[in-house]
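The structure appears right after this line, and notes come after that.
Derivation of every value follows stated rules applied to the coordinates shown; laboratory data play no part. Since we're looking at a predicted model, the values are computed, not measured. Glycine also receives a Cβ, built like all others from the backbone with ideal geometry; neighbour counts cover every protein chain displayed.
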Amino acid sequence: MAEKQVHPGLKLALEMGPIAAFFIGYLWLKDEVFTFGGTEYRGFIVVTAAFVPLILLTTGILWKLTGTLSRMQVMTAVLVTVMGGLTVALNDERFIKMKPTILYTVFAAVLAYGLMQGKSYLQYVMHAALPMQDAGWMILTKRFVGLFVGLAVANELVWRLMSEQAWVNFKTFGLPVILFAFMFAQAGLMSRYSVEDDKAE
């Protein structure tokens, strides 16, 4: 099914809104303790409990508006539901903190498996938006594998060795900035292997 056109601002708000809401909610409730059914829950757990249905709601709205969802969006929603649910059910914030590690590890493993088969699964997902020669896709895919492995390791180090506030800052600001900087750094590769340049030659 072809993706329906949605205003970029609305799409960005739906994709980034839950993350922003999580950050704001955490700052607001991080020092609070709530009691439900005789069990005490820290503010982090309560914010996580609200984050799960919010990410499902915005993902559902995106699907309704665009008619399609990327594999990354689906996997993110599933992992948030599972890890967030475990966080709340077991009253243990470690599960939601491990979510980025699992997500990036899975992405790295899938792309690496494709490379071993001589294929770029990244090309299957992004080829329409980024026309490049096959050789360029193979290089870009190898770089993405390295990026995802690095992000998984970084997430583990941050949540295990640093404060909760540091992890929230890293997840909210650090990860998006790293991904943006990485894509910006690939401009030369994309230009060198672009289909348009190949045809012009």
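Taking the longest Cα principal axis of the chain as reference, the axis of helix 134-161 is set at about 20 degrees. Using a cutoff of 8 angstrom between alpha carbon atoms and counting only pairs six or more residues apart, the relative contact order for the stretch 84-201 works out to 30 percent. Lys-Lys pairs in the chain that are eight or more residues apart or on separate chains and whose Cα atoms lie under 19 Å of each other come to 7.
As a proxy for reagent exposure, TRP63, TRP137 were ordered by neighbouring Cβ count within 10 angstrom, fewest first; the result is TRP63, TRP137. Annotation: extensible slack from ALA181 through LYS11 equals 59.1 nm (criterion: 0.36 nm per residue apart, minus Cα-Cα distance). If you take the Cα centroid of the stretch 84-107 and the Cα centroid of the stretch 122-139, the two points sit 31 Å apart.
The calculated Kirkwood hydrodynamic radius for the chain is 18.7 Å, given to one decimal from all distinct C-alpha pairs. The charge dipole of the chain, taken about the Cα centre with unit charges on the Cβ atoms of Lys, Arg (+1) and Asp, Glu (-1), comes to about 180 debye, rounded to the nearest 20. Model label sites at TRP28 and ASN169, defined 7 Å from Cα along the beta-carbon direction, differ in position by 2.2 nm.
Ranking PRO176, LEU122, ILE102 by how far each Cα lies toward the positive end of the dipole of the stretch 93-201 (charges on Cβ) leaves ILE102 at the top.
Segment SER194..ASP134, full-extension length gain: 20.6 nm, with 0.36 nm per residue of separation and the alpha-carbon distance subtracted. Determine the shape class of the stretch 93-201: with a ≥ b ≥ c the square roots of the Cα gyration tensor eigenvalues, call it rounded for a/c under 1.5, and otherwise prolate if a/b is greater than b/c, oblate otherwise. Because a/c hits 1.5 or more and a/b exceeds b/c, the stretch 93-201 counts as prolate.
Within the shell of other residues whose beta carbon sits under 14 angstrom from the beta carbon of ILE139, the net charge comes to +3, with Lys and Arg scored +1 and Asp and Glu -1.
For the stretch 1-90, the orientation-averaged shadow of the C-alpha convex hull comes to 6.3 nm² (one quarter of the hull surface).
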